Amino acid sequence: MPDVNKSVQDRKPTDTPTREAFRKLGVADLAEWRVTVPANNPDADARNLQSEFPMGWYCVCYSHDLAVGEVKPARYFGTDLVVWRGEDGVARVLKAYCPHAGADMSKGGKVCGNWLECPFHLWQWDEAGNPREIPYSVKPLKIDPDSTPRWHTREINGMILVWYHPDRGDPLWQPVVFDQVGRDDWTPLQTFDWKTANALENLSDNAVDVSHFKYVHGTNTVPDYEFEFNGIMRRIVAKLEFETSKGTARGTIESIAYGPGQGWVRYTGLTEMLMLTGTAPIDRDLLHTRFAFTHPKSEAEGPRGGLARAMIREVTSQFDQDKLIFDRHMRVDPPLVCQGDGPFGRNAKWFSQFYSKSGIAPRLPEPLPDFTIETA
C-alpha cells in the first residue's frame, strides 16, 4: 500500500490542490472575478455564519476613489450608506435614505458646499445627520437624533474609515496612522479588492491557520510563528520561505490586526514593503477586502524592485486561493483541531471582545505599542 502521507509531504509547493483548482478556472478577467461571489450558495443560517457584525473601524472607500464634490453609494453592515466629499476636501458618511421622505441620497444626491442635498425635496444634510437647509421652510426643525445616526469617519492611510457599533456607541479606540502613505519617498498605493461570501471572524481565523500556508499556498514549509494577543491588537510574526518567479524567497513578515477591520503587514528581509489591509462586512455572508501596498521608492527603483513586484503578485495570488475556499466555506463551531494547527481558541477569545453581545469591553494594548516604521 502506498504511503499516502509521504506522497503529500513530498508534493511540490506549486502542486497544491487549491492552486490547481484556480488554474483550471481559466479566469479571463481577474479583477472582475475577485469581486464576484457564487450566486447559488446556501444562506447564512445554513452555513452557520456569525449573526452579529463586530464593532470597529472599517474602510468603506479608497481616498483616490472619491473626488471633491462626488457622491457615492456604499453598502456595509447590512446598511445602505452614502459617501461624499465636501468642497473642503473632507469625506463624510450618512445612511443613504433621507429621513424626511426616504429618498436614496446616494442616487442623485448633490454636494452643496460641504452638505449633501437630497434629490427629492432638496433638503441639505450635514455629516451629523442634521438638516441644514430646507428650501421651502424657515422654521427650525427639531428631529430625533436617532433618525439619522452619525457615522464617525476618519480618512487615513489613503482610506476612508467609519466606526461601526451595533448599539451606535462612540469609538472605543482610534485607528493607526502611517505617515509613509502619500510621502514623496514612498510609492503611491497599489490597491486590490476582493469580495468573499463569508463572515469576518472566519477570515480572522485564517490568519492564525499556520498549516494552510503550505497546503493551500505552497510555502516550502509550515512556517514558524510567534503570536501575541494584547487587547485589541493581534500580532503575528512569521519567517517564511516560498517560491516566486524570481526563485526561493526568504524573509520575515509581521502582521498586525488592530481591531477586526484594520490591519497591516510589514515585509522585511526580502524587501521593505508595507501592506495595509481592511475587510468590512457588507452583509452577514458577504465581505469586502482591500489590500494596499506601498514601499520606499529606493526599493521600487533599485535592484530589489523586481522582488517587490513578485511579492505583491504572490500575496494577491494567495488571497485568490483563499477566496476559492471562503466562498464555499461552512463554519464549524467548534472546529476539530489537532497538534500543529494554529491557536484558534486564543483567536476566538480575542475576537469575541468585538461582539457587543459578548459583554467584554475591548481594551487598548498594554503597554501601548509604537507602530512607527523606521526606514533608512
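The values are calculated or read from the model by the stated rules, or taken from the named source; none is laboratory data. Just so we're clear, the structure is a prediction, and the values are computed from it rather than from any experiment. Heads up, the Cβs are rebuilt from the backbone with ideal geometry, glycines too, and the neighbour counts pull from every protein chain shown.
Please return the ranges of helices (runs of 4 or more DSSP H) entirely within the stretch 261-361 where 2 or more residues are in contact with a helix residue (DSSP H, G or I) (Cβ under 7 Å, 6 or more places away or on another chain), closer than 30 Å to Asp80 by Cβ and charged (D, E, K, R).
Filter on the stretch 261-361 gives 305-326.
Restricting to strands (runs of 3 or more DSSP E) lying wholly in the stretch 70-132: which have 3 or more residues that are under 29 Å from Ala199 (Cβ atoms)?
71-76, 79-85, 91-95
Counting just the residues of the stretch 253-267 that are without any contact (Cβ under 8 Å) to a residue 24 or more places away in the chain and more than 21 Å from Pro188 (Cβ to Cβ), which one comes out surrounded by the most Cβ atoms within 10 Å (Cβ to Cβ)?
Ile253
Give the residues of the stretch 231-252 that are surrounded by fewer than 16 Cβ atoms within 10 Å (Cβ to Cβ), in contact with an Asp or Glu (Cβ under 7 Å, 6 or more places away or on another chain) and modelled with pLDDT of 75 or more, sorted by residue number.
Lys239
Would you be able to say whether some residue in the stretch 57-67 is more than 23 Å from Gln262 (Cβ to Cβ), modelled with pLDDT of 95 or more and either part of a loop (DSSP other than H, G, I, E, B) or touching a strand residue (DSSP E or B) at 6+ places or on another chain (Cβ under 7 Å) (or both)?
Scanning the stretch 57-67, I find at least one residue that is more than 23 Å from Gln262 (Cβ to Cβ), modelled with pLDDT of 95 or more and either part of a loop (DSSP other than H, G, I, E, B) or touching a strand residue (DSSP E or B) at 6+ places or on another chain (Cβ under 7 Å) (or both), so the answer is yes.
Just the residues that are hydrophobic (A, V, I, L, M, F, W, C) and over 18 Å from Asn202 (Cβ atoms), please, taken from the stretch 292-320.
Scanning the stretch 292-320 gives Ala292, Phe293, Ala300, Leu307, Ala308, Ala310, Met311, Ile312, Val315.
Under the condition of being in a loop (DSSP other than H, G, I, E, B) and within 18 Å of the chain's Cα centre (by Cα), which residue from the stretch 33-48 is surrounded by the fewest Cβ atoms within 10 Å (Cβ to Cβ)?
Val35
Yes or no: the stretch 201-209 includes at least one residue that is over 26 Å from Cys59 (Cα atoms) and either aliphatic (A, V, I, L, M) or modelled with pLDDT of 85 or more (or both).
Looking for residues that are over 26 Å from Cys59 (Cα atoms) and either aliphatic (A, V, I, L, M) or modelled with pLDDT of 85 or more (or both), one finds none in the stretch 201-209, hence no.
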